[in-house]
Every structure is written in C-alpha cells, then in structure tokens.
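The values are calculated or read from the model by the stated rules, or taken from the named source; none is laboratory data. Source: prediction; values computed, not measured. Note: ideal-geometry Cβ built from the backbone for every residue, glycine included; neighbour counts use all protein chains shown.
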Amino acid sequence: MSLPLKGKRVMVTREARQALPLIQLLEGYGASCERVPLLCFEAIDDDVNRSQLTNLASFDWLFFTSVNTVRFFHQYITTLGIQVKNKIAAVGEKTARSLAHYGYAVDFQPSTYSGKAMVEEFLNENSTKRIALICGENARREIPELLKEAGVSFEKIVIYRTIKNEQSKSLLNKAVSQVDAVFFTSPSTVDAFQQFLKPHLFEQAKNSLLTIAIGETTAEALRERSFCDILYPETFTVENMVEVYIDYIRKGDA
C-alpha cells in the first residue's frame, strides 16, 4: 500500500469522538497524528428545548445538519420518551448514516453536501411545510437565512453548545512546533487554536505551518488571522481534506 504521508506529523484539532475517522485516514496513509481536541460539546437542557421537543408533532419536517445534532437529538427524545413521526431531512451522507444508525428513516437528502443545496432542492421537491431546524448553538446561518428568504415557516431547536477544551491547552503549546501541518474542521477550532497558544507560538504557527481547512468558512477564519499556507477541498469532508493534503505532498510543495 502506498504511504504518501509517511514521515509527516500532523495535528488533528477536532473533538475527540469526531476526530477518529480523520485520524484513521491519516494514519492509514502513513502520517503520525498528534491528537489535540480543541473543542468539546454538551447538551443544552432547558425548558425551551423540552417544550419544543414535547411539541415535535407540530412540525412536518425535521432538518438535521450534522452528526452532532442527530446524537444529541436522540439522547433528548429517548430521555423524554417522545416518538418521532415527522419526515426527516439530512444535509449529507454522514448525517444520513447517523440517523439510520439510530433508527430514523431519511426522507430527503440533497445531491450535494451544502446548506444551499439542501434548501433549494428541498423546496423544489416539497411543498412548503413547517420545519424544525435541529442545530447547535454555533450553527451556520446559511440554512435559516435561506429558509427565511423563501418565506418558509421554521423554528430552530438548539440542542447543544460547543465549548473550548481547556484540557488541551498545555498539549497544544507543547506539540505545535513538532508538527508539519494542522487540520481544522470549523472556525471554532481556529478560534480555540489562537486563544490557547502563547502569542509567540501563534505568530510562528501562522508563518510556518501548513493548515488544512474542511471548507471555505474555516479557511476564511484562517485568512482573517493571516495564516500563510491554507488548503481546503471543494467538497467539505474529512476524506477530501486528506486528499488535498496528499496532492500537495505529491506535487512536492511541502
């Protein structure tokens, strides 16, 4: 088997549970991974959520935009003893697989993994219905803005929040000078990276490290902080992140 990343040491900043597929891919191609989970997630358990979920039957469709939303949603409804009879839409293949894992049938999935495709294709195929957008506290604004522009009735159910993982601060400062590249999977990971690093180490990282972002939004967060070397794939998945890194290495640019 070809090992194009043999000898490369990379940092993965994604939350520990979600980082495993990316780490397995990188190690499968020969890379050595430094696991520095800069984020963690926790459920938001309040009266607003409980009221919304108790009245889930008032919605025709449930929109899921990430694996996290599926996991926390399932925890909630299991605890509350709620039956899900709504139609379900998933933004992409991984979200759809997560829904299937918990026993939910997916009624709609866009042809392309993007919020824009999700809204546009959904509205082309379905009459306007009342939608519950299951999301996290820091969810991207694209889907709700597009639904609002289209005049669609929807309600956000915010079921988890993202927290910076303070326990990784020391490890980050020790490891950052020992890696060739850093993988970022959200603007929040970029923010935590800057916040946790000592200022002189952050300045060094901006100028010397290759960064691989999962998509345009995360890449923009890196640009705003003046990182010099940024890669990101056209299709926003961890598999494609690894592919663009391998292409970069093979072209002799590293």
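Brief remarks on what is shown
- Residue check, A132 modelled with pLDDT of 90 or more, under 22 Å from the mean Cα position of the chain (by Cα) and not assigned by TED's automatic domain parsing to the domain that holds E15: yes
- Test result for R223, surrounded by fewer than 22 Cβ atoms within 10 Å (Cβ to Cβ) and farther than 24 Å from V10 by Cβ: no
- Looking only at residues of the range 76-131 that are part of a strand (DSSP E or B) and of a type in the set (G, A, S), we find that the one that is surrounded by the most Cβ atoms within 10 Å (Cβ to Cβ) is A90.
- Remark: N138 falls outside the filter, which requires a residue to be at negative phi, touching a helix residue (DSSP H, G or I) at 6+ places or on another chain (Cβ under 8 Å), outside the structural domain of K85 (by TED's automatic domain parsing) and among the polar types (S, T, N, Q).
- Answer residue from the range 190-225, given it is hydroxyl-bearing (S, T, Y) and modelled with pLDDT under 95 and is farthest from E93 (Cα to Cα) among those: S208
- If you go through the range 51-71 and pick out every residue that is within 13 Å of the chain's Cα centre (by Cα) and of a type in the set (S, T, N, Q), you end up with 4.
- Some residue of the range 120-127 being touching a Leu at 6+ places or on another chain (Cβ under 8 Å), assigned by TED's automatic domain parsing to the domain that holds Q52 and in contact (Cβ under 8 Å) with a residue 60 or more places away in the chain: no
- First in the range 151-163 and surrounded by fewer than 17 Cβ atoms within 10 Å (Cβ to Cβ), second anywhere and part of a strand (DSSP E or B) and of a type in the set (D, E, K, R), Cβ under 8 Å, 6 or more apart: R161/E42; I163/E42
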